[in-house]
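> Got a structure for you, written out below as structure tokens; questions coming shortly.
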Amino acid sequence: MERLDPTATASPLFDEVTGALEALTAVLREEDDFRILLQHVCRQVRHAVPGVDEASVTLVTGEVPHTATATSGVVSELDGEQYRIGDGPCLEAIRSGKIVRTTVSDAVERWPDFARGAREAGFGSFLAAPLVADEQFSGAVNCFGRRDDGFEEVEAQLLELYTAAVEAILRVYSRYLRARERAEHLRTALTSRAVIDQAKGMLMAIRQVGADDAFALLVDQSQRENTKLRDVAERFVERVVSGRFLPR
């Protein structure tokens, strides 16, 4: 692969980032699976940043890092070695909140286990950027290159630009998921309220009692059976409609 000329115009490089982000946005319109979205983040970074041969995405859950997705099992194993020893360029990017750019040769002194494994896997360069979508989500985008002379500053800047845009996309995605969850809870609540009201109305007519007493009967049966009130109401309505004997 040809070396990137740092004096060349940045426009074509930014076009690559833009194209990668447009592809990622298209996925967001079609997918609501977070795992699949991260897979595309991982794949698209190879188009956004020159010299990236393999990539992975690290997520931190409860202070425990894990690889959410990777373009190959080899880089996933290299990530895992860092998690095992609790140190490495990926974890450094997460902890510092800054881009980590190094050659594998330079990493020997600071991260000898990682450097040895990366060298054995045929990699000579490493680049990582922290990825933070909100207070519950943190991680890093990890880039591996086979050339030995490392990633240049402009490539680090392109990764930083890419991850900043990805963070914005993930925030939108996170808000979408929360809105969908609230809508689902509301739908469930409305459905529950409707069937409970239906059961109350039937009890009022059949037992000749008021609304409060009818509701109390449903609650009492719910407690006796240790069953959700909605389920008791649904079963009661079903029995009335089918003509079966009514519950006590």
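> So what's the net charge close to ASP53: Lys and Arg +1, Asp and Glu -1, counting the other residues with Cβ under 11 Å from its Cβ?
+2
> Sticking with this structure for a sec: In a shell of Cβ-Cβ distance under 12 Å around PRO130, excluding PRO130 itself, what net charge do Lys and Arg (+1) and Asp and Glu (-1) give?
Around PRO130, the charge tally is -1.
> While we're here: With a ≥ b ≥ c the root eigenvalues of the C-alpha gyration tensor of segment 50-166, is it rounded (a/c under 1.5), prolate (a/b larger than b/c) or oblate?
Because a/c hits 1.5 or more and a/b fails to exceed b/c, segment 50-166 counts as oblate.
> Net charge within 15 Å of ASP87 by Cβ-Cβ distance, Lys/Arg positive one each and Asp/Glu negative one each, not counting ASP87 itself?
Values: positive: ARG84, ARG95, ARG110, ARG116; negative: GLU63, ASP79, GLU81, GLU92, GLU109, ASP113.
Charge balance in the 15 Å sphere: -2.
> Residue by residue through segment 199-207, which ³J(HN,Hα) values in whole Hz follow from phi under the Karplus form 6.51 cos²θ - 1.76 cosθ + 1.60 (θ = phi - 60°), with glycine and proline marked x?
Per-residue couplings from phi come out as 5, 4, x, 5, 5, 4, 6, 6, 8 Hz.
> Something else now. If you rank ASP113, ASP79 by fewest surrounding Cβ atoms within 10 Å, what's the result?
Listing ASP113, ASP79 from fewest to most nearby Cβ atoms yields ASP113, ASP79.
> To make sure I understand, if each residue's beta carbon is the centre and we count other beta carbons within 10 Å, what order do VAL132, VAL75, VAL241, VAL141 fall in, fewest to most?
Going from least to most buried by this count: VAL241, VAL132, VAL75, VAL141.
> Right, here's the next one. When GLU63, GLU153, GLU54 are ordered from fewest to most other Cβ atoms inside 10 Å of their Cβ, what list results?
The fewest-first ordering by Cβ neighbours comes to GLU63, GLU153, GLU54.
> Across segment 83-96, in residue order, what do the Karplus-derived ³J(HN,Hα) couplings come to in whole Hz, using 6.51 cos²θ - 1.76 cosθ + 1.60 with θ = phi - 60° and x for Gly and Pro?
Going residue by residue, I get 4, 5, 8, x, 7, x, x, 4, 5, 5, 4, 5, 5, 7 Hz, with x marking Gly and Pro.
Every number in this text was worked out from the coordinates using simple rules, so none of it is lab data. Predicted model, so just to flag it, every value in this text is computed and none were measured. Using ideal geometry, Cβ is built from the backbone for each residue, glycine included, and neighbour counts are taken over all protein chains shown.
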